[in-house]
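For reference, the structure is listed below as C-alpha cells.
No lab work stands behind these numbers, since they all come straight from the coordinates. In this text the structure is predicted, and so the values were computed from the model without any measurement. Ideal geometry is used to build each Cβ from the backbone, glycine not excepted, and the neighbour counts take in all protein chains shown.
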Amino acid sequence: MNAASRVRLKPHYALGLGVLLLCGGVTQAGPHVHGAAELMLAAEGNKIEIILNVPAMSVVGFESQVVSAAQQQAVSDADALLRNPDQLFSLRGGQCVLEDTQVDFSAITDVALDAEEDHHTDDEHADHEQPAHEEAVVDEDHSDISVQYHFNCDNSAALEQLRFGPDGLPFGLEQINIMWVSESGQGGAEVSINRPYVDF
C-alpha cells in the first residue's frame with residue numbers, strides 16, 4: 001500500500017482524486033526512485049486537492065523508523081516545511097487559498113500525523129542507508145512521505161500553472177512526475193531542475 005492510499009480523504013475531495021487515481025493508475029505507479037517524487041492534482045468546482053509523495057530519504061535523510069532525537073527533529077522540521085506549501089510550490093490562476101494540510105510520516109514513525117492507518121512492524125521498515133550520490137537507485141521497499149493539500153479556489157478551472165520555488169525543486173529532487181485531472185481533462189508531465197513548472 002503506498003502513501004496515497006493510506007491518507008483518509010475528506011468527502012468533498014474524494015471524488016476528484018478517486019478519478020485521478022483510477023485514470024492514472026497512480027496507486028501502483030512503480031518502484032521508488034531516489035531523487036524523484038509524484039504529485040497528483042485533482043480540480044473540481046472550487047476545490048483543488050494535491051497529493052505529494054516524496055522519498056523519506058530526500059525529505060529527512062533516512063528511511064528507517066525514527067530512533068534518535070536528531071531523527072525526530074528532522075521529522076519535526078520537515079513537517080513544518082511540508083505544512084507550508086508556499087515554501088514548495090505556487091498555483092497560478094484560480095485564486096486558491098489553502099484550507100487544510102495532512103502529512104503522513106507513518107512510514108518512518110510509529111504514528112501517522114493527521115491520518116489513521118495500520119501500524120507496521122519493525123521488520124517491514126529495514127534500515128536502508130545509502131550514500132546521497134546514489135540518487136537513481138530503484139528499490140520498492142523504501143519509504144515515502146505523503147502530503148495532502150486542500151485548496152479552496154474562486155475558480156479551479158482558471159488554474160494555469162503549478163510552479164516550484166525559485167531555488168528549484170524541493171528537497172534536492174531531480175524530477176517530479178505530475179498527473180492531473182480537472183473538469184476540462186487530464187494529463188501528465190515531468191518537472192525537472194531545468195523546467196520546474198507545469199502548465200495546465
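Arrange the peptides 96-105, 60-69 so that the one whose residues have, on average, the most other Cβ atoms within 10 Å appears first.
In decreasing order of mean packing, 96-105, 60-69 become 96-105, 60-69.
Tally Lys/Arg at +1 and Asp/Glu at -1 over every other residue whose Cβ is under 10 Å from the Cβ of residue 37; what's the total?
-3
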